[in-house]
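Let me begin by presenting the structure, written as structure tokens, before commenting on it.
Just so it is clear, none of the values below were taken in a lab; they were calculated from the coordinates. Just so it is clear, the model here is predicted, and its values are computed rather than measured. As a convention, Cβ positions derive from the backbone with ideal geometry for all residues, glycine included, and neighbour counts pool all protein chains shown.
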2 protein chains.
Amino acid sequence: MADPHVEDVADEEASRSVVSRALAIIGTFHGGRERQSLSDLSRNSGVPIATAYRIVHRLTEWGALERDEAGKYRIGLRLWEVASLAPRSMGLQRIARPYMQDLYETTHYNVQLAVREGTELVSVERFQNPNYRRGRPRVGGRYALHVTAIGLVLLAHAPEDVREEVLSAPLKRYTPYTYADPDQLRRVLAEVRSHGYAISDRQMDLDHVGVAAPVFGPDGSVIAALSCVLRHDDVDEKNMIHLVRVTANGISRALRKAAEAGRAPV
Amino acid sequence: MADPHVEDVADEEASRSVVSRALAIIGTFHGGRERQSLSDLSRNSGVPIATAYRIVHRLTEWGALERDEAGKYRIGLRLWEVASLAPRSMGLQRIARPYMQDLYETTHYNVQLAVREGTELVSVERFQNPNYRRGRPRVGGRYALHVTAIGLVLLAHAPEDVREEVLSAPLKRYTPYTYADPDQLRRVLAEVRSHGYAISDRQMDLDHVGVAAPVFGPDGSVIAALSCVLRHDDVDEKNMIHLVRVTANGISRALRKAAEAGRAPV
């Protein structure tokens, strides 16, 4: 009988390497690169073409990838179906959406919900006023934390090491108002924590003001942030702050109730 | 030098088998089974525990899976980020959503968008009136085609072989009004194609009426369907039919324009 441990080591390396390659192929897709040929997939993932072919074939059979009419590969519906079960995006979104919809319908402000992932934010839901569409954020897209009100809230409540990582990296300046100086940003983040909300006044572009507040998980930690954005000449700041805080608190309460009812949403 | 073809065959089998096992593990998640322990994952996927451990470890490192506080695995945010690029769900949703939002805001009817996947439908977007929430559909969830108005539209425009597959399988009866007889259903589907819309009058449950119309892709094929659902005692059928058809046509036109502008959304 073969020694199972010897087999295990070889099997372990093979499994890891093949799974890593499959993930590398899937990870080559991003906003702006949504369709790729087999040779694109091979080049962008660094997986040799013959191996890429076999993996892509299997991913396509399962439905993680699909081929379009032009023969290019795109992310498949089946992968999206499974991914729609992700608690941190869709679980949170299901609870938050009615509250966001009420806020949007009442005010027609742009309303957004985002979570932090590492040193960036990921947008998980938004209601956008078609009259002042800004092109972004894209649901599922990643953005810098130091620029927008929603990012400032997430950064203010991030673990110390994440905050220091962001503060020690270059802070891209989008407008003259962006907090691009780490000491200034550190002071702002302390204020965000003590006030319970953040404001971004033309720090992303020169037309918009955003207000954001934290969303708390059942354990009391900040798991997301909610923001309203509108044109800076339309702003009634006090009203926005109140609305965003009340709505974020409503979502936090609904998350706690869901957890108490045994349906932990996140 | 080793014969590359011999290596290839071994490598091919190993790659396929490992990728298949990783996909089997991811595929064990579904609505109602959103958190699993390692032994759940092994049992539900049929992948031996030692192999499952290695694959799950790699999937977790990448972010396709995440561990929650209780140590259970759930679908990770990173998989959702990649999956949010799927053109048939999120690409379509991005174009359709402003139209759906207008319809919802004007009427406060429940509004849904779905695509066909095999012999079922997958719900990709919905606006739901909180005053008559029905629990379903869940975005990302799969449902039978023969029951709802939206399903009838998708079934009516499915390829012949798909339609016959549905018609030859048992047709579950949800209410006395469900089309559970294949000959009756075949006649209804012909009417749906000729009228350009479908009605489901208490066929899903005894409280609701739905009206749906097809959404056409840039090549003129039916790629999705749009529906409105409301309580059967509130129904103004003619108004619903007009609104759903006008909105579905607006979405079809926007899809065509996006394709003409070189931004093929689906």
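Helix A:237-260 and the long axis of chain A differ in direction by around 50°, with both axes built from C-alpha atoms. Decide, for the stretch A:199-266, between rounded, prolate and oblate: order the square roots of the alpha carbon gyration tensor eigenvalues as a ≥ b ≥ c, take rounded if a/c falls under 1.5, and otherwise choose prolate if a/b is larger than b/c, else oblate. Since a/c reaches 1.5 and a/b is larger than b/c, the shape of the stretch A:199-266 is classed as prolate.
Report the one residue of A:Asn44, B:Leu79, A:Leu103 whose Cα lies farthest in the direction of the positive end of the charge dipole of the protein assembly as shown (charges on C-beta: Lys and Arg +1, Asp and Glu -1; origin at the Cα centre). Farthest towards the positive pole: A:Leu103. Rounded to the nearest 20 debye, the dipole size of the stretch B:58-158 about its Cα centre is 200 debye, using +1 on the Cβ of Lys and Arg and -1 on the Cβ of Asp and Glu. With contacts taken as Cα pairs under 8 Å and at least 6 residues apart, the stretch A:87-260 reaches a relative contact order of 22 percent. Reducing the stretch A:190-248 and the stretch B:188-216 to their Cα centroids gives an inter-centroid distance of 43 Å.
Plugging the Kirkwood radius over Cα pairs into Stokes-Einstein for the stretch A:87-260, at a temperature of 20 °C and a viscosity of 1.002 mPa s, what D comes out in µm²/s? Write down the numbers at each step before the final one.
Details: Rh = 15.8 Å.
My calculation gives 135 µm²/s for D.
Across the identical copies, the label point of B:His57 (7 Å from Cα in the Cβ direction) is separated from its matches by 3.0 nm, in order from shortest.
Any chance you could run the full-extension gain for B:Ile49 through B:Asp219? It's 0.36 nm times the residue separation minus the Cα-Cα distance, nm to one decimal.
Numbers: separation 170, 0.36 × 170 = 61.20 nm, distance 4.72 nm.
The B:Ile49-B:Asp219 span can extend by a further 56.5 nm.
Highest GNM mean-square fluctuation among B:Ala158, B:Ala198, B:Ala190, for chain B modelled with Cα contacts below 10 Å: B:Ala190. With a Förster radius of 41 Å applied to the C-beta separation of A:Ser194 and A:Ser17, the computed FRET efficiency comes to 0.25. In loop segments of the stretch B:87-147 as defined by DSSP, the trypsin sites (Lys or Arg not before Pro) with at most 12 further C-beta atoms inside 10 Å of their C-beta are B:Arg133.
With its label point defined 7 Å out from Cα along the Cα-to-Cβ axis, B:Asp234 lies at 2.7 nm from the matching points of the other copies, in increasing order. The count of lysine pairs in the protein assembly as shown that are at least 8 places apart or cross chains, and whose C-alpha atoms lie under 29 Å apart, stands at 6. Around the Cα centre of the stretch B:87-260, unit charges on the Cβ atoms of Lys, Arg, Asp and Glu (plus for the first two, minus for the last two) sum to a dipole of about 420 debye.
Taking label points 7 Å from Cα along the Cα-to-Cβ direction, A:Glu160 and B:His57 give a separation of 3.1 nm.
Taking a point 7 Å out from the Cα of B:Arg202 in the direction of its Cβ, the residues of the stretch B:218-258 whose backbone N falls within less than 18 Å of it are B:229-238. Counting from the shortest, the label point at B:Glu260, 7 Å from Cα toward Cβ, is 5.5 nm from the same position in each remaining copy.
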